[in-house]
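Everything below concerns the one structure shown next.
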Amino acid sequence: MVVMSVEATTSDRDQEWARLIALTAQGDQAALASLYDRTSPQVFGLIYKILNNREAAEEVTLDVYTQVWRQAHTYDRTRGAPGAWLMTLARTRAIDRFRAGALELSRVESLDAVEWFASTDDTPEQDVQGQERRRYVQQALAMLTAEQRQAIALAYFYGLSQSEIAEKLQLPLGTVKTRVRLGMIKLREALAPYEAGLRL
């Protein structure tokens, strides 16, 4: 009886995750947030085990859900459980990162570069590039919800920790984390075509 109960629970979980993936494929951000909340501990755990680096693991976890946002429509339940699909994405991205040797803690990702907003370039050419960077980011930020923009601004432009943001906004910490991570997923998606320009 215990085995049957566990199997039933696993089946219910798989059905729920599959439903959330299907809704994500339709562009439902709330579904992606729910999927993230339910599955990210397992995804992060696997990635951290491979990379043994918390910051890199957090970054790759974000990359996994960015990929889920883009590729949810490719998930085929007849070929495997949703959890197995997520773990495959996580394992693949973690191994790719490990092989690429991109674990330097000092490496600045394009979305974490506050310098976009305050260029100190001197030449006219550099100034134009700085203006383009700001325009790209401003356009991307406009695509976020007001709540996501607020959380990201407090975290990345004012340097508040997520706990400090939760206290300031009087929100649960989990809500703040979800807003920041979903906002970052949308920003990365929006800025992907301009990534080369942003790294200049």
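The values are calculated or read from the model by the stated rules, or taken from the named source; none is laboratory data. Model, not experiment: these values are computed from the prediction. For neighbour counting, all protein chains shown are included, and Cβ atoms are generated from backbone atoms with ideal geometry for every residue, glycine included.
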Mind checking which residues of segment 154-174 are modelled with pLDDT of 80 or more, part of a helix (DSSP H, G or I) and loosely packed, with under 15 Cβ neighbours inside 10 Å? Ser163, Glu164, Glu167, Lys168, Leu173, Gly174
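Only one of Leu105, Leu86 is outside the structural domain of Pro193 (by TED's automatic domain parsing) and at pLDDT below 75; which?
Numbers: Leu86 fails: at pLDDT below 75.
Every option except Leu105 fails the conditions.
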Just to check your reading of the model, which residue among Ala84, Ala31 is buried (at least 17 other Cβ atoms within 10 Å of the Cβ) and either assigned to a helix (DSSP H, G or I) or β-branched (Val, Ile, Thr) (or both)? Ala31
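Which residues, taken from segment 47-75, are hydrophobic (A, V, I, L, M, F, W, C) and either at pLDDT 90 or above or under 21 Å from Val180 (Cα atoms) (or both)? Reasoning before the result, please.
First pass over segment 47-75, keeping only residues hydrophobic (A, V, I, L, M, F, W, C): 47, 50-51, 56-57, 60, 62, 64, 68-69, 72.
Hits for segment 47-75 are Ile47, Ala56, Ala57, Val60, Leu62, Val64, Val68, Trp69, Ala72.
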So which residues in segment 128-148 are farther than 27 Å from Leu173 by Cβ and either exposed (fewer than 13 other Cβ atoms within 10 Å of the Cβ) or at pLDDT 80 or above (or both)? Val128, Gln131, Arg135, Gln138, Gln139
